[in-house]
1. Quick one: work out Rg over Rh on the C-alpha atoms of the chain, Rh as Kirkwood radius.
2. Could you check the simple spin-label distance between residue 524 and residue 466, using points 7 Å along Cα→Cβ, in nm with one decimal?
3. Setting aside same-chain residues fewer than 8 positions from residue 109, which lysines have a Cα under 24 Å from its Cα?
4. For residue 20 paired with residue 190, estimate the spin-label separation in nm (one decimal), with each label point 7 Å from Cα along the Cα-to-Cβ line.
5. Grab the beta carbon distance between residue 178 and residue 429, set R0 = 25 Å, and tell me the FRET efficiency rounded to 0.05.
6. Starting from the Cα gyration tensor of region 1-146, take the square roots of the eigenvalues, sort them a ≥ b ≥ c, and report rounded, prolate or oblate (rounded when a/c is under 1.5, otherwise prolate if a/b is larger than b/c, else oblate).
7. May I ask you to derive the FRET efficiency for residue 508 and residue 352 from their Cβ-Cβ distance with R0 = 45 Å, giving the value to the nearest 0.05?
8. Mind scanning 253/440; 407/546; 254/303; 432/455; 147/546; 253/432 and naming the pairs with a C-alpha gap bigger than 28 Å?
Amino acid sequence: MSRVDLVLLHAPSVYDFRERSIMFGPVSDMVPSTPAFEMYPLGFTTMAEYMERCGLKVRIVNLAVLMLNRKGFDVEAAIRDMNPVAFGIDLHWLPHAHGSIEIARIVKKYHPETPVIFGGLSSTYFHEQLVEYPWVDYVVRGDSTEKPITQLMYALKHNGNLGGIPNLTYKTREGSVVVNPLEWVPDDMNDISLDYSFSMKSVIRYRDMASSVPFHDWLQYPVCASLTCRGCTHNCATCGGSAYSFRTHFGRKKVAFRDPELLVRDIAHVQKYIPGPIFVLNDFLQGGRDYVAAFIRGLSRIKLRNPIGFEFFKPPAEEFYQFLNEHLPDYSVEISAESHDDDVRAAFGKHHYTTAQLEESIAAALRNGCSRFDLYFMTGIPKQTAASVLETGAYIESLYEKVGNDKRLLAFSSPMAPFLDPGSMVFDDPAKYGYTLRAKTLEEHRQLLVQPSWKHIMNYESAAMSRDEMVDATYEVGLQLNRLKGRLGIVEPDVVARTEERIHEARVAMQRIDEIMGLGPVERDSALGALKSEFERLSESTVCEKTELNWPARATVRHVWNVFLLWATENLANLLGLRRPVPQPVVEYSEA
Ligand code: B12
Ligand code: SF4
């Protein structure tokens, strides 16, 4: 097999999480990942698919999943045995600040001459600090790097000129840092593709399923994402993906949409091979009436059978749910209301709807065939006090009463943790929103990540609620919701009992860590080390069972047959040395 051009590596949040004793807490309870945050960015798939179309060979290696799945997996040996033209590492989510930089160090240890390229939103925000690390050569900035990274790869392979590559930050041989303009910010998402058959072909080609699964339990719960747009029209104060953040730090002045026909094509591909639910990320209602109609009618045209879920940034009206119900056999909805209190939600930046409007929308969805309505709340947001958080349980109980205790409604609450997003309005001006930052630089965040508990790791403190209050309120709401779901028969009694027990134990463990922090360094390390397995057990599915988040999936003979066909054609192509010709996007580069 010919040499791979680019290996994209995804690190765990904390590199040596298997050895360290850290109580990560409920930081990843609302996402499919474990606290290692093993899910790689969707952008790995869009970049890899684009580069392959341009004739480059790209491989995704999810080191975090490999480390989770195999206790003895030797990261250094695996990296040593790779030999690509360049390595790419994501530092998209700031919680990877420790793992990503450590992986870069290991890459340079075994391959000192091989270029190391970073990218992602956090890399963009901290690009100048990032290239100061001796193990990082390039940062490709921005939210759309498919084209600039292809240009960079051409330049690296053919000794091309780096000066003309947009969005690139790099170190010269003499060690000075060059920052090219952030000019590549496309107005639409039509040149790229979130094509899951690309990932499947890659599994077949490298005979390696374990390296490219998106997260730990993906094979049990094969959820797929569909992306309507890049950017956001809203301005939530703590969000690093807000309109403000995109404008100020990522060069994006307006939201870039994917053409609805292309979106439908992406989803048709998923439905061919994968039985899992499809989650449409980023509220497509932001695209306007015509966009919405074209997308939903398109899904009806392909006779979508997979369950499909939509995220909405504000509660839709009844006519819209009627429209969904007419066209889709199985749809679900997700809204992050953050707080039941209108003032708190408004302070967060979601002043565009009230709790009363939200309630009307939930009732309308449930009347119009919605399979499931997930409602999310968050602790740690502006103006939110512990007392306000503690009202959540009673509020949700009253909400259930209003919808006749309908079990299709599922409410969750989680903390804003471990970090307040870099590049958010609060991060950039904390005092204005009543916050103090406990870390500002990339290195400070890297150090925070190896603190003993999520309370010590958090990068902020709100004037309205101390970190101790926040930890306590988070666990208390977890208990309230767990008991409520038990009473309503939404969660089985044995699961309710297990969750209750886990939350109690987690609270005790947090107190124990505070006591341990009062000891001298040697006793402290040994006392924390003794609690390692306890911490691991109490940091997964803490405030609810992760499976509660899952939508149903059903595999059919048709999926098995289509995967077999793909396997057969891909293997034949590999055997005969054929790579099917594909249209090449125009990517220019200049000789040095
Ligand atoms: C979709 C989404 C998710 C999905 C993730 C799907 C996925 N696998 O990517 C879910 C819901 C699971 C999720 C989870 C989380 N998310 Co999120 N998410 C988003 C959202 C809404 C959209 C992202 C998107 O559209 N991506 C588009 C795809 C195609 O591009 P991409 O993946 O970003 O990749 C491109 C670039 O970033 C860059 N790039 C990325 N990696 C690399 C690597 C290299 C080498 C290069 C060159 C380039 C590069 O190039 C790519 C191609 O153009 C944004 C908010 C927003 N408005 O943008 C938040 C956002 C990215 N998420 C955020 C956070 C904090 C999280 C969590 C940590 C929350 C938590 N505590 O659980 C987790 C982490 C999950 C994990 N790793 O396990 C923050 C990140 C802030 C920060 N800088 O740290 C954001 C900005 C806002 C927010 N608070 O939600 N998230
Ligand atoms: S949290 Fe707010 S600003 Fe951030 S992506 Fe969601 S709606 Fe947009």
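1. When Rh is taken as the Kirkwood radius, the ratio is 0.95.
2. Label-label distance for residue 524 and residue 466, simple model: 1.9 nm.
3. Straight-line reach from residue 109, under 24 Å: 57, 71, 157, 171.
4. Result for the modelled spin labels: 4.5 nm.
5. Approximately 0.30, to the nearest 0.05.
6. rounded
7. Plugging the Cβ-Cβ distance into 1/(1 + (r/R0)^6) gives 0.65.
8. 254/303; 147/546
Taken together, the values in this text are just the output of simple stated rules run on the coordinates, not laboratory data. Bear in mind the structure is a predicted one, so any value in this text is a computation, not a measurement. No Cβ is skipped: glycine too gets one built from the backbone with ideal geometry, and neighbour counts run over all protein chains shown.
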